[in-house]
Amino acid sequence: MNKILYLFAISTFSLLLCASSASAENCPFKSFSFEKKKASSDWSAKKTYVVSGNRTLGLFNNRNKRYPSQTVLTIKDIPKNSSITVKFDMLYIGSWDSEGKLADRFTITVGGGPEIMNITKFPCLLEDGDDTKPVNNTGFVKVGERDRAYWVTPLSFTVEPSVITNSELKLEFKGYLTGRKTEFWALDNVEIFIN
Ligand SMILES: [Ca+2]
Ligand SMILES: [Ca+2]
């Protein structure tokens, strides 16, 4: 079976699975796996990057002009009075710091308004602070000249209907990094569920 047919068969199969499941809860309203070079217009920053053979949305770094510092996801046509749940894989690339002078931060906000997530603890552990000796990392990815360790963490959050206006929601994903060349982030497998 050629690749396109195979992919078609898989997606048809998952559609059937969704249609036949007793509750619609398991079927995402929208999902993004970023398998093309550019993400869809739902995203403000569209560049993708291959990490261990898999395309992700990124890379991002707020201190390095070669990379965007944030991306905004616009979700339209949200049914009235519904909350939405967003699940995604967060890729922490490099030596993110949970404390000290070099501490980093990652936030998700509703279009200039309320903060949904404010992450200050990261899984990026290094033996003896040596970034060639990462602990429990998912893998390595080449960024520029260097192979950097990365850690994937599944994250999720729910947005209440009170902050959704005119059936539309803008979610801003942003990192506040101290490292210009040593710390990056990317997103993958974003799924949006209507509750
Ligand atoms: Ca992907
Ligand atoms: Ca840092």
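Residue 112 falls short on exactly one of the conditions (1) modelled with pLDDT under 95; (2) within 16 Å of ligand 2 (Cβ to nearest atom), and that condition is (2). When residues in segment 155-168 are screened for being in a loop (DSSP other than H, G, I, E, B) and either touching a residue at least 24 places away in the same chain (Cβ under 8 Å) or in contact with a Pro (Cβ under 8 Å, 6 or more places away or on another chain) (or both), 3 of them pass. Annotation note: of 104, 42, 97, 89, the sole residue that is more than 23 Å from residue 176 (Cβ to Cβ), surrounded by 14 or more Cβ atoms within 10 Å (Cβ to Cβ) and acidic (Asp, Glu) is 42. Residues in segment 45-62 that are over 20 Å from residue 151 (Cβ atoms) and either away from ligand 1 (no atom under 16 Å from the Cβ) or touching a Ser or Thr at 6+ places or on another chain (Cβ under 8 Å) (or both): 45, 46.
All of (1) without any contact (Cβ under 8 Å) to a residue 60 or more places away in the chain; (2) more than 17 Å from residue 153 (Cα to Cα); (3) not in a strand (DSSP E or B) hold for residue 81 with one exception: (1).
Yes or no, residue by residue, for (1) among the β-branched types (Val, Ile, Thr); (2) over 21 Å from residue 101 (Cβ atoms); (3) touching a Cys at 6+ places or on another chain (Cβ under 6 Å); (4) buried (at least 18 other Cβ atoms within 10 Å of the Cβ):
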residue	(1), (2), (3), (4)
143	yes, yes, no, yes
161	no, yes, no, no
167	no, yes, no, no
183	no, no, no, yes
190	yes, yes, no, yes
193	no, yes, no, yes
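Pairs are defined by a Cβ separation below 6 Å, a sequence spacing of at least 6 or placement on different chains, a first member in segment 169-195 that is at pLDDT 95 or above, and a second member that is among the hydrophobic types (A, V, I, L, M, F, W, C) and within 10 Å of ligand 2 (Cβ to nearest atom); the pairs so defined are 178/102; 183/96; 183/177.
Each residue in segment 93-141 was checked for being at negative phi, away from ligand 1 (no atom under 16 Å from the Cβ) and part of a strand (DSSP E or B), and 16 of them qualify. Of all residues in segment 41-78, how many are within 16 Å of residue 168 (Cα to Cα) and among the aromatic types (Phe, Trp, Tyr)? Final tally of qualifying residues: 1.
Entry remark, segment 56-80: residues being over 24 Å from residue 104 (Cβ atoms) and under 13 Å from the mean Cα position of the chain (by Cα) number 0 in total.
The values are calculated or read from the model by the stated rules, or taken from the named source; none is laboratory data. All values reported here derive from a predicted model rather than from experimental measurement. A quick note on method: Cβ atoms are made from the backbone with ideal geometry, for glycine too, and the neighbour counts reach across all protein chains shown.
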